[in-house]
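Input: a single structure, listed below in structure tokens.
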Amino acid sequence: MNRLQGSWLRPMFVLSLCATGVVVGAVWRTPAPAAAPAPSAPAAPATSVGLVNLTTLFAGLTEYKEGMTLIEGKEKEGQTKLKEVTEQIKKVEAELEALKDPSMATRLEKQARIAELTALGEGRLAALQRVLEVTAGDTLRRLFVKAVASADALAKKDGWDVILIDDRSVVPPERLKGPDGKEGTGRRVTIGEVRNIIQQRNILVASERVDVTAALLTMMNNEYKAGKK
């Protein structure tokens, strides 16, 4: 190869290398095919939510009404015994008053009897209140436990995922109870009182079609009637 040919081939060789580099570079720079998007997570299934108004439920339960009737009977029995003590106190007081100038021994005897009867009456009243609170609490607890079990059975039967206590009746009043015990006759509520009442509520709004109180009431009354006590 003479010098002329060498000088001519050298640029061609360089151009070839450059061309090869361009091609190789183009190959390496070719973007990879886009990765397939990850499959999206399946949408969560719709949740069926039911509501139960406990006030309405308990007011309609046969077992609850029978239990309250028995408790009211206990209350009347206790009130009768308290009345007997009250009458005895009045009798002793009348006897003491009828004595125009009783002796010191007689006065002390009558006053001691009045004190004894007063303590007896106070003790009976405290015992009666305790008995009524305990028996009413036991009745309410037992029925609430039954309501939870029955609500679970109702949910499985009718396809409810969640059954909540309906607290839509919780609304801040404009006024508190007055001295007479009547609603709305007392002073106006403060912002703190309104806030506390609002925080007691969980359900803002709900459709009436999710109210399962009637269905649960029917189920529980049927169970009670069937002897499931």
Completion exercise
Across (1) closer than 30 Å to L217 by Cα; (2) surrounded by 13 or more Cβ atoms within 10 Å (Cβ to Cβ), Q88 clears everything bar (1)
Practice task
Might you check whether a residue that is exposed (fewer than 11 other Cβ atoms within 10 Å of the Cβ) and under 23 Å from F58 (Cα atoms) occurs anywhere in the stretch 114-131?
Solution key: yes
Handout entry: So L51, is it in a strand (DSSP E or B) and at pLDDT 70 or above
Key = yes
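The values are calculated or read from the model by the stated rules, or taken from the named source; none is laboratory data. On a predicted model such as this, the values are computed, not experimentally measured, just so you know. FYI the Cβ positions are ideal-geometry reconstructions off the backbone, even for glycines, and counts take in every protein chain you see.
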